[in-house]
Every structure is written in structure tokens, then in C-alpha cells.
Amino acid sequence: MKAAKLAIPSLVALAVFMVALPFGLKLHQQDFMISLLVWVLVVSSYRLMALTGEYSLVHVVLMGAGAYGSALLAKLAGFSVWLAMPCGALVAAGIAALLSFPLFRMSGFYFLIGSFAAGEAIRLSWTYFTVPFGGPKGIKLIPSPELTLPGLGPIPFFEPIPYYYLTLIIVGISLFILYRLENSRIGLIMNAIHWRAPLAESVGVDTWRYRALAFVIASFFAGLAGALFCHYYGTANPAQFDVAAMVYVLIWVIVGGVSRFAGPIVGVVVLSVLNELFREAEQWRPLIYGCILIAAMFYLPDGLVGLPGRIRAWLDGRRGVAAAETGEAAEEPADLASPRRR
Amino acid sequence: MEIILQTCVNALVASAFFALMAVGLVLIFGVMGIINFAHGELYMVGAYLVWYFYASLRWPFLVAVLAAFLIVTVIGLLMERTLFRPMRDNPLGGLINSIGLLFILQVLAVQVGGVGLMKNVPPAYRGSLELLPGVAIGNQRLVALVIAAALLVCIWYFLTRTKVGWALRAVAQDRDAAALQGINIDRISMLAMGLGAGMAGMAGALIAPLTRVEPYMGHGVIITAFIVTIVGGIGSLSGAVLAAVLYAFFHTFVTTYWNGTIATMLGLLIMLVVLIVKPTGIMGTRVSE
Amino acid sequence: MGITRRDLLTATAGTAVLGSTVIPRIGLGATKTLKIGFLAPLTGEVSAWGLPGLYGCEVLVKNINAAGGVQIGEDTYTLEIASFDDEYLPDKALQGFKKIVSEEGAKFVMMLGGDPWPGVQRFANQSKMLATTLLPSDLSPDTPYLLAPCEVHPIYNVTGVEYLARNFPDAKRAVICAQNDSLGIPSVATYEAAFEAAGIEVVDVNIFDPATTDFAPLVTSLMAKKPDIFCYDTAYADFVNLIAQQLHIQGYKGLQISCTCDNYPQIVEKTSKEFMEGFIFQFPDFDDPKLNEPFINFPEPNKFFADYNAAHPGTWTAVSWEYPSIVLQWIAGAKLAGSVEPMQVLEAMKSKPSWPHIFGEADWWGQDLWGINNALVGKWPVVVIRDGKATIAEFGDIPAWWAKNKDVLIKRMRERNQMWDQRA
Amino acid sequence: MALLEVRNVTKQFGGLTALNDVSFAVKPGEIRGLIGPNGAGKSTMFKTIAGFYTPTRGDILFSGTNIAGSTAYANAARGVVRTFQETTLFQEMSVFENVLVGCHLRARSGVFSALLGMDRDKRREAETRTAEVLEFMGLAGRRDQLAKELPLGSQRALAIAVALAATPKLLLMDEPFAGMNPEETEHMMGLTRKVRSSGVTIVLVEHDMRAVMGLCEYITVLNFGSVLAQGTPAEVRNNDRVIEAYLGGA
């Protein structure tokens, strides 16, 4: 209950920090923050999928579908960017809805590989069909959003700081929605499906429908993230959304820890910041990354979010406090495939 | 007519490599339940070792291939002991560990061989065998084909005709039941990992003179291996071989008569259809509930 | 022709010769550090297009600094490369560009171009930063500060075809294979135009996936068309290597032409001297004696080649000298401007209708294809393999070809959606 | 009229016939036992009624509607709910949440109403129902414990509570007494009777003969996929064919 009391002030503190942050950053770090926020949305939406116990490899391709959808609508159909972005997200959600018919005939490993095949097929079609996808070079000169505020004049959204705030607002709202969803009855049912799908079915849960629902909603937000990305950087190409990017998302989610809402967010923030810190190491960077991954699997089986608990347990152990409880916490089976609520 | 025959010859060579990769992947997944994402990198290491032993140190080609096979087998055994065994009840952990290893092996390859152009591995067997007028197979490919096929036959014999092979298949069928019958799961896992890795290393070693030897060469291969594995049925070794042959012929013919990107795209779609219609693959028997 | 070769040489490693005249001048102005931005993929699969270039620039800069640095205006500068790994991603490229420009204070940025460029374009324009690319297809009227001062891919490929047609008038049927990417496709259009101009029929074009590992099917398919000429287009050097082996195995006997053939010694080793005899491509070895001709604007190419191979053995590719040659051109521009400020350097360089390109005087060009005259086009070497060794056969004249065959090239480019106004 | 009527049901897996022309009927308010030696087809019959398998031939009538081949969740909506062998629960969730999932059917709501909190009435109703069920099953004191932390007896009770939350008319119980000591069995039998007396018809598959004989009014015996005998516990106990099947099977 102590945590609940602390939650509001710490959220406010976080919000203030996020709002003040860009002024303390260098120019290129502001861009980094925009990317980071976008990836935060990607991994958080991925977690909704993981809540039902399924891990997909199509998430980043659907992020790309959102980017392509939004970019094409803005460039070819002349949609306002404000309209194109949610429409792009809907494109991603629509593709996910179509894919859910074949894909959810499978589960577990089969679903993982099936989703991978579907994603690669979609991505290859972008490289193959030059019209309208632009082939391997993708789409360039994607417009940024335009907004004129009375008294302030047009807001330059191509500049990092305004776009940072736009991204912060959209990602913030999206995270709030995802969090609400997870803690609603729908989240409870999704979690139940993950634990025991047959039991959930036996009390009347249409598991296919809920899995598909999680997939479609997750894809909507992935698509939204893609749209946010492409309207800032002005370009979308197939290579940005390839398996390598998907593997990184998987890593962020799992190393962060899928058991809590904050887990994947912690994962992407910590690992991306570390990655920037290791820039000097250049070609050695992926190796360092690989070592961190393996170390995390061994020493942090419940993810980075479990770290404070582990440290506390360790400190308690050092102080000689009866180890009954802490020992249990540390010995908990390393069940990574098990998102728990909260 | 010549084109059809030449395409068949091309496809046959591709089949052997697909089969080596896929059977190894199936062994590892079947016995340990782990998707080894670093499988393509084991193949890469095999190729680099041949480059080093044969092209740099001037060892005889076949000796270099054998050395590569053995070294990658040992790497596989070490992977089982250090990365996969502690993750036995955590398949996702195993997957992530294999991704970590993938990064490490790629960087090491860059450090050892640099980037830029592919490593130079001249063919050990020059010239080509003209099967018919206009239908030829390079001698290097012929040797690779023969060795790969021989290895596959050995593996098949080992798995079906020996007691250890039987135990290995039993574990792949049902790990818990096999453990109850007194089969040592640790030993079988090491065996599967060693064999699977060795086959990937062998594939890389044999193909080194025929393809781009570079740090990222495993990437495309693993995708093909996944397709073949799924189409063949994840638990089925004979299915993997059959699927490798079918997929190789399919891909080679579509590439020859149409386009390589289309071939890969159709391959992925076929895999998806197989997954939908028969999730256990064409030869898979295990019923998943 | 305001700038001469002599100016360029004094600007660069040529200062070794004039070292005694440089050092006393330090007293006039302060010695400063000048940062040169290098933004290209240094890890991952595209790093082969970045890393060897970084190595080349480091070798060049080391030689220049050892000789006392560069004098621009009143000041003497020692050079430093500020590099950033863009991972061939637009978002990383933008971060890198900002870091290099606003934090490291680099005065111009060399890029590979291609996929990452669109991410950078808006900021580069806004900050009026001079940048260069190796892929002129990045150029458009929206890129006023982006130059393609070294490699104007794929236009120079016409010189190889022209040489081929002149020397082998009986060859009439050509096939082309190209990987499906931003190098391959415009290059297909160029070769199609060059063949058409030379009266050669293109009987098949096969565009393959860059992820291809086995080229046997592709070669079978193309050989079935019974070509006299096999054109590799701008296939990556490794692809040329593998395709050539397959052609050899499947018994190909005709002519071969390619944009690059970086690893030809390997191919000769793997096939035969006879098979590779007469292979035409466009990138010379830097130990070629013809590079010591007076009109070549690169100081001591043979020594540079030796230094490079000593420092980074086995990594030499075309980009190993292309990025350094861009550094040299920029220095010449800065010297002319008497300033290192990007817009002054750009203005100085563009103030001349022609500029000393590595292979001789070249014109600012590109309006018809890219909507802007920001690419340098002049002579380009045609390299032919003779007895297992690449030798420069001639320096082809691109503007002369263009004057005669402009319409054909534009038509072909348009057919393949490669004109700047067609690109999404 | 019978609440559940199984008519000539045959189920084949490949070449194997697991059920062969099985027919029986269950009256409302009854506790019916389904027994038989190992491999007799009890489990297949059970899963076929629950909607986890589609019969190869034959009909399954529930309140006169044919539900053969219907899905498990659709059956649940009709009032056919099953429990599972051993302890199948949402292990990482609290007792309260487990039962709350069981209330799914009455609390179902759309994404948007769930997000906007417009499902508050339904949610409150579900929570009330959950509390009632927990009270009824004697689990009210454990509502915030994780399911996996409960002792075996309470886990089984919770499994029934989850099923009850879905307001079944017909409750299918899969070996509820397996692995229990006599004391726990006794307690469980009491709970089962209590559930029946609340108006739920029960079909149970069970090995524990003492429990079956003590609990069921009527028993159907399966052997090799066919009905071997039907009748009251006393009739079944004295049936020669049943005795032979059990002795032979053992």
C-alpha cells in the first residue's frame, strides 16, 4: 500500500522531469529522446501481446505498416498529417486483424515463426513493389505535421523540441490507455488466457477473440509509433523494419522484464542509453550488447525491473534478517514467459 | 531442356545445404526446446575456420573441413553447457542467450577477419563435370554435395540404428517420459547440440569456397533454415530433409524462371499456409493441444 | 579554370615536399584543429561501404598532419576525423549529423548516402551544412548543400560500354543482372541506355534480391539467353565474385562488363586468367602507373595504396580512396575560399564551372537527371583485366557521351522510375 | 426431460475409435458418475461434452439443443462448464481474481467501455458474485492469496468456485478427488452436494470408487469406448460385467 501512496507523486515527478528534460540535452540527444519515446511505445504495446502469452515477430513490420500507411496517405492522398497518423495506426491494426485469422490457429513456437513469415512477406512486398512503396529506398520527404496556434504562429514540428513534446503527449496518452486496458477486466482475461487458456475457455472466454483483440490493439499502437517516427525523420524504408529491429524489441522487452508494465520500458531505456554510452567502442558495441543480454538472463531472470527487489533482498540478507521471505523471492522460478499484472 | 536439367542440378546442391542446416536446427529444437538463433553464426564460424585453415594456413581442404566440423561441434557442446542447460525450463531465456551469442560471434568475426570484401577461399577442386552438353556441376559443388549427403546418411544411420540415436529420438518425442525411462537428458542434450552445431559448421565449411564468407553470412541462411524446418515439421528429421529438397527445388525453379525475391516471398507464404493447414508440418506427427 | 592541380597538391599530402615552406608560416596564424565529419555505417551488413572509407581517410589525414597540416586562409590546421556509426538508419544518421556538426564542430560531413540521407536532409538544409554523398541519386533540387564530388554513379558506366562497343563490334546481345537496391536499379537504366546508344540489344534483365547467396540459378537463367555480353551492372564486388565463378563453371565464353570488380585477383585465382581476360570495369588499382599522369588530382596514389595496405591489409575497396579524394577536394575548396565555413567553401567550389576531380577537370552537372548541378562529371577510367592484372585502358569522356546520347539515358531512367521527380 | 442427452456418440482419432455409439441421459438435479477402467473413453466423453472435441458421429443434446461440435466457450454461455484434472487454476493470480475471471460471461464488456470505466455496474455485479461464490465455497478468508499458495483441498475448491462463478446449469467435474486424503475427500464430497443443492446438475469422471459410490445417484460405466452398464451404485457394484472389466483391467 506504501507503493500506491508513492505512485502519484513519483508520476508527477517523472512528468516534470520529462517536460524539463530537452532543455538539459544536447541537440543530438533530443533526437535520441524522440526515438526512445517511440520505441517505448513499441515495447509497451508489445507487452499487451505478451500478456496473452504469445510472442510475435511481426510487431516491427506492423510498426512499419503504420509508417508506410501514414506516409502514403499524407503524401499521395493529401491527408493532413494529424489525420494520416491515426489512419496509419488503423492500417496496422487492420493488417493485424486480417493476420489474426491464420496466425491464431497456432500458438507458442508456431505462432512465433508464423508471425515471422507473415512479417517478412509483407516487408519483401515493400521492396518488390516500387509503386507505391518506393522499393528498397522507401518513401522520402514525408511531411511533418502542421499546426498554427493563435498568438504563437505555426509550430515548427520539424524541430526536435516541439516534436519531442508532441511525441511525449501521444506516447503518454497511449501508455495510459495501455495501462488502463491491462488493469481492466479485459487485461485480467488476457492474463487468464496466458496462464490457462483451456480453463478460461471453460468459463466462457472466447480465447481466439481476446488473443486477436490484444494483437490488433498492440498493432494499432505499434503503427502509431511507426507514424510518429516517419513524420519526424521524413523517411520510411524496408530496412528500418527488418528482423534485426524486431530482435532488438524482443531483447528490450525480455531484458526489461515482462512481468510488469514498466519492465519493457525500463529495458528499452536502460539498454538504449547504455548503447549510446558505448558509442566510442564502435565495432565492439554489439559484443558488449551480447554479453549484457546473456548476463541478464543469468542474473536477472525476472528482468531489470526485478533488480531493486533483488538488491533489497541481498541487503536484507547481509543484514542478517531472517532470509525466509527474501530467499523465496530469489529462488522464484525464472519464468520469463509469464507476464503478471501490475 | 538443358535449363531444366541445369536447374535440377543447382537445386540438388542447394537441397543438401538446406538439409544440413535444418536437420541440425530440428535436433536442437526437438531435444532442448530451444530455438537456436545463433545457428547461422555457427555456419559462419565453420566457413571462417575453413578460410583460416585452408586459405591462410594452407592445410589440405578436407582436413580443414574436418577441423572446422570438430571445432564447431565443440562450440556447440560449450553452448549447451554454459548457455542452454541453465535455461532448460526457460525456452525464452535460451532464445535470448542464443541471440547474445550471435552478436558476440559476429563481432569476433569482424575482429578476426575485418570487414570489406569477402574472405578469399579459392576452390580446392577446380573445373567442372559436364553431365550433359550444357549441363554442368562445378567439382567443388560436387564434392560438397557428396560430403553433405554422406554426413546426412551417417546421421540418419546413427539416429535410427543405434541405441544412443534411439534415446535421442525418444527425448525429442517426450522429454519427461524419456527421463522417466532413465535416459540421461544432460548427455542427450549435449549430443544433440554438438551434432546440430557440427552440421551447421560442416555446411559453412563446405560452402566457404562457394559463397560470401563475411561476418553476416548467417543471416539469410537462418531464415531459409526456419522455413524448411517449419514446412518439414518441427519434430521430424525426415520431414526436414524432405522439406529441404522440396523447398530447394521450388526456390531454385522460381528464381530461374521468375525472380528470387518472389521465390522467397512465395516460400514464406507456403510456410504460412503449411502452418495454418497442418501446424505440425508435412511430416510432423506430434499433436499440439 | 581557376584552380590548378598545383593548388590542390600544395593543399594536401603534397605538402610533404613543401614542408619547409609550411612550417614557418605557422607563425602567421594559430594552429587549429579542423574536424571533418564521417557519417557512414561502421557496424552491420552495410559497414563494408563505410569502414574502408574511414580507414582511407585516417591514412590520408595522418600523412597530411605528418607533413605539417593544411593552410587555409591565415590559419594552419591539423585535421581530425569525427566519425559516427549511422548503422545505415535515417534516425541514427540524423543524430550523428547533429552530433558531428553542432557538438564536434565539423565543417563538412562526408556520407555514404542512400537510406540514411533522407533523415538528414531537412536538418542539413536548415543548418546550411555542406555534405557529400557517394550516391548521387540522393541529389534533387531540395538538396542545395549536398555534393557528389567524386563518384557520380552510375553515369560513368557508359564509358565502359563505349569502349566495349568500339573494340568488339560483333558483340550484339547483352544480358544484365542487378541487385534490387538503390545502386542496382539506376545502374540498369544507365547500362540499357549505353547499350542502346552502342547498338547492342539487351535480351534479358534479371533483378535479384540482395540476400541471394546462391547464384547458380540466376546464371543458368541468363545463360539460356545466349548472350555475347554479360553485364554485372553495379553488383557488389562479392556478388561479381560469386557470379563470375558460376559463369566459369557453367561454361560461359563471352565478354564481361561490370561497374566494380574490387576483388578481381580472387576471381582470377578461382576461375582462370583466360576466363577473366578482357573483363571490363571502372575502378583502377592505385598502383596503376596511369594514375601518375599529370592530370590526376591525387597526391602519390601509389604510396597511398601502399600505406593503406600496410595499415589495413585486405580491406581495400573503391570507397578506400573515394572518401579521401572528397577530403582533398574539400581542402582545395577551402583554400580557394580562404575559409573553412561551409557555405563559403561551397560557393567557392560552385563558383567555377569545372573543378579538379580525381580523374581530371570535371564539370558541375546533373540538372537533367537530378534537377541540380551538384555532381562532378568528367573523365572516368575504363579498366580492363589483362593477363590477370587490372590496367587502365583509357579515360572515357562522360560529357562527350552525354552530349550525343542524353535523350536515351533520360528515357531509360524514366522507364525505371529513377528521375528525381519520379522518386517518392 | 433430460438436461443432458448423449445420443449414439462415436469419436475416432485417426484409425482409433475412442468412443463407440455411446448413449446416456442425465436428469436435472442429478449427480452422475462416469467411470471405467483406464482407456475406457471417460476422458474423451468428458471433453466431447465440454466442447473440447467434436464427435465423429452422434448428437449431444443440452436442454434439447444439439451442442455437438460447439466450442467450449459457447457451451459455457449455455451453462455447460467443466473443471479440470489435477489443479488447473490461474496460478499467479489471486483467489479473488481467479473467480472474477469465472464471472467473465456476466461482466463482459467492450474495449471502449472497459477503458472509459463505463462497465462499472457490470464490474460491481461481478465482484459481488465473486464474493458470494467465495463465501459459498468457504474461501472468503483467502481471497487475496495467490492461487498457487493454497493447500490442495482449497485449490480444488477454488477450481469449483471458478466454474460456479460462470453460473453453470451442468457442471462437469474431471477427477475432483484425485490425490486427496480421506479427510479432504470427505470435505470435497460435502462441497459437491452443496453445489448440487444450489440447483446445479453434476457429471463427474472419477477413479475414487468410494467417492463415486457415496455421491452419485446414478452411474454410467464405460469400457473400450462403449457403455458397459448403467444404474444405481448398488446395481453397478453387483454387475458381473463391471466386476470382470475392472478385475481384467487391473
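Report which residues of the range C:262-309 become buried by 50 Å² or more of accessible surface when going from the isolated chain to the complete set of protein chains (1.4 Å probe; DNA, RNA and ligands ignored). For the range C:262-309, once contacts with the other chains are taken into account, C:Q266, C:E269, C:K270 lose 50 Å² or more. Averaged over its residues, the range A:7-241 has an accessible area of 32 Å² per residue, based on protein heavy atoms and a 1.4 Å probe.
Computed about the Cα centre, the dipole magnitude for chain C is approximately 680 debye when only Lys and Arg (+1) and Asp and Glu (-1) carry charge, each at its Cβ. Charge dipole of the protein assembly as shown (Cα centre as origin; +1 on each Lys and Arg Cβ, -1 on each Asp and Glu Cβ, all else neutral): 2220 debye, rounded to the nearest 20.
Take the cross-link list A:K137/C:K406; C:K225/C:K379; C:K32/C:K62 and give me the ones stretching past 27 Å between alpha-carbons.
On the way: A:K137/C:K406 25 Å; C:K225/C:K379 33 Å; C:K32/C:K62 16 Å.
Table pairs above 27 Å Cα-Cα are C:K225/C:K379.
Once R0 is set to 60 Å, what does the formula 1/(1 + (r/R0)^6) return for the Cβ-Cβ distance between D:K169 and B:V153, expressed as a FRET efficiency to the nearest 0.05? It would help to have the intermediate numbers written out before the result.
Working: r = 61 Å, r/R0 = 1.02.
Once the sixth-power term is evaluated, E becomes 0.45.
The calculated FRET efficiency for A:I161 paired with C:E341, based on their beta-carbon distance and R0 = 30 Å, is about 0.70.
Note on the protein assembly as shown: dipole from Cβ charges, positive end direction compared against B:Y157, A:L76, A:I311; the farthest Cα belongs to A:I311.
For the peptide C:204-211, the mean number of other protein chain Cβ atoms found within 10 angstrom of a residue's Cβ is 5.
Can you classify the range A:220-313 as rounded, prolate or oblate using the Cα gyration tensor, where a ≥ b ≥ c are the square roots of its eigenvalues, rounded means a/c under 1.5, and otherwise it's prolate if a/b beats b/c and oblate if not? In terms of gyration-tensor shape, oblate. One equal scatterer on each Cα of the range D:81-180, no solvent, Debye formula: the resulting log10 I(q)/I(0) at q = 0.16, 0.19, 0.24 Å⁻¹ is -0.66, -0.88, -1.25. With contributions of -39500 (n - 2.57) from each DSSP H run of at least four residues, the per-residue ellipticity at 222 nm computed over chain D stands at -12000 deg cm²/dmol. In order along the range D:65-71, phi translates into HN-Hα couplings of 9, 7, 10, 4, x, 6, 7 Hz, rounded to whole numbers, per the Karplus curve 6.51 cos²θ - 1.76 cosθ + 1.60 with θ = phi - 60° and x for Gly and Pro. Of the peptides B:36-43, A:173-180, A:69-76, the ranking by mean beta-carbon count within 10 Å, highest at the top, reads B:36-43, A:69-76, A:173-180. Here the protein assembly as shown has an Rg and Dmax of 35.1, 122 Å, counting Cα atoms alone. The A and C chains share an interface that buries close to 3000 Å² of accessible area, total over both sides, probe 1.4 Å. Put the Cα centre of the range A:141-194 next to the Cα centre of the range B:111-190 and the gap is 51 Å.
Suppose only helical runs count, i.e. DSSP H with n ≥ 4. What mean residue ellipticity at 222 nm does that imply for chain B under -39500 (n - 2.57) per run, divided by all residues and rounded to the nearest 500 deg cm²/dmol?
-23500 deg cm²/dmol
Using θ = phi - 60° in the Karplus curve 6.51 cos²θ - 1.76 cosθ + 1.60, the 3J(HN,Hα) couplings for the range C:405-413 round to 10, 3, 5, 4, 5, 4, 4, 5, 4 Hz; x is entered for Gly and Pro. The distance between label points at D:K148 and B:V277 comes to 4.1 nm (points 7 Å beyond Cα on the Cα→Cβ vector).
Quick one: which of D:27-38, C:251-262, C:81-92 comes out on top by average Cβ neighbours within 10 Å, and what's the full order, highest first?
C:81-92, C:251-262, D:27-38
When each of the peptides C:63-75, C:374-386 is scored by the mean number of other C-beta atoms lying within 10 Å of its residues, the order from highest to lowest reads C:374-386, C:63-75.
Considering only C:S182, B:G239, C:P144, and ranking their Cα positions along the charge dipole of the protein assembly as shown that arises from unit charges at the beta-carbon of Lys, Arg, Asp and Glu, the one farthest toward the positive end is B:G239. For the residue pairs B:K278/D:K122; C:K107/C:K404; B:K278/D:K11; C:K92/C:K389; A:K140/C:K335; C:K226/C:K290, the alpha carbons lie more than 32 Å apart in B:K278/D:K122; C:K107/C:K404; C:K92/C:K389; A:K140/C:K335; C:K226/C:K290.
Need one number: buried accessible surface between chains D and A, 1.4 Å probe, both sides summed, DNA, RNA and ligands left out, in Å² to 100.
Values: alone 11940 and 17790 Å², together 27070 Å².
Its buried surface, counting both partners, is about 2700 Å².
Give the B-C buried accessible area in Å², both sides summed, 1.4 Å probe, nearest 100. Can you show the working numbers first?
Details: alone 14020 and 16270 Å², together 27330 Å².
That pair of chains buries around 3000 Å² in total.
Summed over qualifying helices (DSSP H, 4 residues or more, each -39500 (n - 2.57)) and divided by its residue number, chain A shows a 222 nm mean residue ellipticity of -23500 deg cm²/dmol.
What is the percent carbon and sulfur in the accessible area of the range A:7-241, measuring with a 1.4 Å probe over the protein chains and ignoring ligands? Can you show the working numbers first?
On the way: 5620 of 7570 Å².
Answer for the range A:7-241: carbon and sulfur cover 74 percent of the accessible area.
Evaluating 6.51 cos²θ - 1.76 cosθ + 1.60 at θ = phi - 60° for every residue in the range B:88-95, the Karplus couplings come out as 4, 8, 9, x, 5, x, x, 4 Hz, glycine and proline recorded as x.
Per residue, the accessible area of the range B:13-217 comes to 36 Å² when a 1.4 Å probe rolls over the protein heavy atoms. Counting only lysines at least 8 places from D:K27 when in the same chain, those with an alpha carbon closer than 23 Å to its own are D:K42, D:K47, D:K169, D:K194. Relative contact order for chain D: 27 percent, from Cα pairs under 8 Å spaced at least 6 residues apart, divided by residue count. Working value for the range A:7-241: equivalent-ellipsoid semi-axes of 31, 24, 14 Å, each the square root of 5 times a Cα gyration tensor eigenvalue, largest first.
What number comes out for the charge environment of C:L376, summing +1 per Lys or Arg and -1 per Asp or Glu over other residues with Cβ under 10 Å away? Before the final figure, lay out the partial values.
Details: positive: none; negative: C:E151, C:E361, C:D363.
Net local charge, C:L376 excluded: -3.
When both bridge partners sit in chain C, DSSP labels roughly 40% of those beta bridges antiparallel. So for the protein assembly as shown, taking the charge dipole from beta-carbon charges (+1 Lys/Arg, -1 Asp/Glu), which of A:P162, A:P301, B:L195 sits furthest toward the positive end? With unit charges placed on the Cβ atoms, the residue in question is A:P301. Given +1 at the Cβ of Lys and Arg, -1 at the Cβ of Asp and Glu and no other charges, the dipole of the range B:13-217 around its Cα centre is 300 debye to the nearest 20. Label sites at D:V111 and A:T148, each approximated as a point 7 angstrom past Cα along Cα to Cβ, lie 3.6 nm apart.
The values are calculated or read from the model by the stated rules, or taken from the named source; none is laboratory data. None of the values given here were measured: they were computed from a predicted structure. Note that each Cβ is placed from the backbone with ideal geometry, even for glycine, and that neighbours are counted across all protein chains shown. SASA here: full protein model, heavy atoms, side chains in, ligands and nucleic acids out. Shrake-Rupley method; radii C 1.70, N 1.55, O 1.52, S 1.80 Å.
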